[in-house]
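To keep things clear, I will list the structure first and then write my remarks on it.
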């Protein structure tokens with residue numbers, strides 16, 4: 001009998017059903033799938049957690065240098081799973097690892113191997129490699145088993161050990177120095193900190209930006225009873241005198257001086273790698289983490305390929321026509337799929353990067369059951385992208401009409417899609433048509449109105465999820481798999497909030513300013529990117545895990561030495577920020593500061609800084625970030641705050657429970 005290890009239950013069940021007719025058997029809390037010659041045992045991701053020995057658990061009693069050099073234990077945390085693996089391993093002839101084929105999946109497989117070897121030390125080990133959970137791919141993988149990639153597993157474990165050490169050491173330092181402990185501790189890490197630093201630097205750039213006033217001017221002209229706009233040749237007029245002079249121009253006609261028409265083609269988009277997928281998904285309302293988790297659920301259903309990949313070129317053996325035929329049976333994809341099937345040959349676009357682990361993300365089958373709304377949106381995005389990569393170029397006509405209006409140049413611009421090509425399928429990046437009339441040189445057109453708008457220059461916008469993912473990729477921060485989790489962590493730690501992009505909180509700004517002043521390396525991408533390259537060498541067998549981990553410890557030691565050398569200054573900066581972060585306004589009873597506090601039972605509330613002389617308090621909702629609005633309620637005079645929820649709606653409220661403003665909420669004020 002062969003023991004097959006799958007990463008999750010959904011995958012285990014699907015693999016078992018493809019390989020035969022499984023019988024479900026309970027081993028403790030775990031459902032296993034027994035076949036005639038195999039048994040498939042599901043894990044739940046990692047079955048071992050990394051941690052320091054318990055003697056290092058005392059934050060105050062452990063020196064940071066000791067923590068850097070502390071050994072790291074791999075502890076079995078899912079006993080029921082471990083017991084199931086051991087039970088079957090003892091009587092198995094071979095062990096087949098069928099976890100996701102990437103760094104993390106190989107590390108998870110390595111853990112299962114180590115557990116199995118406790119009962120069967122000499123059990124032969126093989127690897128089943130597949131990129132989709134389709135019958136064809138799974139059967140092919142098990143008929144052509146490969147060798148287990150120990151180097152890939154070691155590179156993943158190197159990252160886990162490095163991230164644990166950096167996260168633990170820097171988080172303890174910041175939290176202890178600032179006095180911010182408990183649930184509100186200050187976290188830091190080798191990837192999250194330079195990512196946060198970029199968000200903070202962008203925000204500081206925005207705050208320092210000095211807007212300049214300019215004017216945008218245009219004329220409205222008429223042709224065939226339809227109205228069109230032509231704009232002054234200078235898109236921004238910064239001279240007010242010039243703008244006012246142009247505003248005063250009044251004439252009934254404008255003369256067409258030049259008409260320029262040009263055609264250009266837009267190539268179809270390249271196949272989806274993980275980063276491109278996450279960026280596009282964020283543009284239709286998904287966070288990076290929710291997009292990836294939704295894609296993983298579709299992969300486990302066997303209807304898309306593995307969603308963690310750097311590849312942007314379909315392999316030559318990928319059966320493109322067969323996939324398109326599958327999509328032709330899906331109502332909302334049928335029309336475009338059938339058009340592509342009429343082509344004699346299918347020539348997909350190619351991206352720059354080609355890897356051999358997994359193909360680009362693509363659909364492999366039509367859904368066999370109804371998808372929920374989120375799953376359907378992601379599936380359709382992936383299917384549309386796939387079909388677009390097999391489609392033709394689009395052709396766009398660009399038209400520019402230069403006009404003379406009272407001796408000044410104005411320009412009308414138009415854009416027309418001559419051939420839709422791939423844009424008919426992939427609406428997410430469709431060219432926006434701009435209508436413009438047919439006119440000839442020297443023709444006079446009727447001017448029906450003039451207009452101007454006073455505007456101000458704007459700073460660069462805050463990072464959107466799409467832009468931040470791109471920045472992290474460009475500067476080597478994290479991996480295709482870890483970037484969504486890093487962004488999610490920054491949000492959960494209340495370092496960033498969504499406000500027309502990612503806005504850093506005051507605490508985040510203080511943390512980054514402190515680190516930039518005293519240990520700038522941890523805020524820069526260079527060192528983190530270098531560590532990523534070193535871990536890549538482990539996967540290639542050019543370096544050992546231990547060598548890379550030891551090198552990272554040396555870097556971390558130097559950073560801690562710098563921070564400890566300036567601890568008094570760091571403490572002063574951070575504690576000032578913590579105090580500022582707790583402030584919510586002035587007490588209406590005594591005038592002292594109101595601050596956020598926690599009761600002995602851990603409940604949040606607002607208390608007066610004048611305690612015990614003043615005992616004024618207000619309750620707070622149990623979850624969400626609390627932001628002072630620096631204004632008092634018009635009804636009762638108590639301070640007002642804004643509640644920012646990680647999930648759900650944001651809202652503003654008065655701190656006073658019995659405030660009449662809460663009557664309109666449609667619920668009792670006590671529930672707030």
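Bear in mind that the values in this text are calculations on the coordinates, not laboratory data. Remember, predicted model here, so these are calculated numbers, not experimental data. Note that we place each Cβ from the backbone using ideal geometry, even for glycine, and neighbour counts take in every protein chain shown.
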Taking the Cα centre of each part, how many Å lie between the range 538-597 and the range 216-295? 44 Å
For the range 190-270: span of alpha carbons on each principal axis (Å, largest first): 64, 43, 21
In nanometres, the difference between 0.36 nm per residue of separation and the alpha-carbon distance of residue 51 and residue 65 is 3.4 nm
What distance in nm separates the simple spin-label points at residue 114 and residue 80, each placed 7 Å from Cα in the Cβ direction? 2.3 nm
Jot down the radius of gyration and Dmax of the chain, Cα atoms only, both in angstrom. 30.6, 95
Packing-based order for 296-306, 128-138, using average beta carbon neighbours within 10 Å, highest first: 296-306, 128-138
Take the Cα atoms of the range 233-383, find their three principal axes, and give me the spread along each one in whole Å, biggest first. 66, 39, 33
For the range 180-222, with equal point scatterers placed on the C-alpha atoms only and solvent neglected, what are the log10 I(q)/I(0) values from the Debye formula at q = 0.23 1/Å, to two decimals? -0.90
What value in Å³ per residue do you get for the convex hull of the alpha-carbon atoms in the range 587-671? 99 Å³
Any idea what % of Cα-Cα pairs in the range 536-628 are farther than 19 Å? 63 percent
Reduced to Cα centres, the span from the range 432-480 to the range 5-56 in Å works out to 51 Å
Measuring from a point 7 Å past the Cα of residue 147 along Cα-to-C-beta, which residues in the range 325-364 have an amide N at less than 19 Å? 356-357
For residue 530 and residue 562, FRET efficiency with R0 = 25 Å and r from the beta-carbon atoms, rounded to 0.05? 0.90
Projected-area mean, the range 437-484, by convex hull of Cα positions, square nanometres: 8.1 nm²
Subtract the Cα-Cα distance of residue 223 and residue 408 from 0.36 nm times their separation in residues, and report this length gain in nm to one decimal. 64.6 nm
Would you kindly state how much longer the chain becomes between residue 332 and residue 576 on full extension, computed as 0.36 nm times their sequence separation minus their alpha carbon distance, in nm to one decimal? 82.2 nm
Run the helix sum for the chain: -39,500 (n - 2.57) per DSSP H stretch of 4+ residues, divided by residue count, reported at 222 nm to the nearest 500 deg cm²/dmol. -11500 deg cm²/dmol
State, to one decimal in nm, how far the label point of residue 21 lies from the label point of residue 651, with both points 7 Å from Cα in the Cβ direction. 5.6 nm
Note down the nm distance, to one decimal, between modelled labels 7 Å out along Cα→Cβ at residue 456 and at residue 346. 5.4 nm
Distance between the range 103-131 and the range 328-358 - C-alpha centres, whole angstrom: 35 Å
What span do the alpha-carbon atoms of the range 53-211 cover on each of the three principal axes, reported in whole Å from largest to smallest? 66, 48, 25
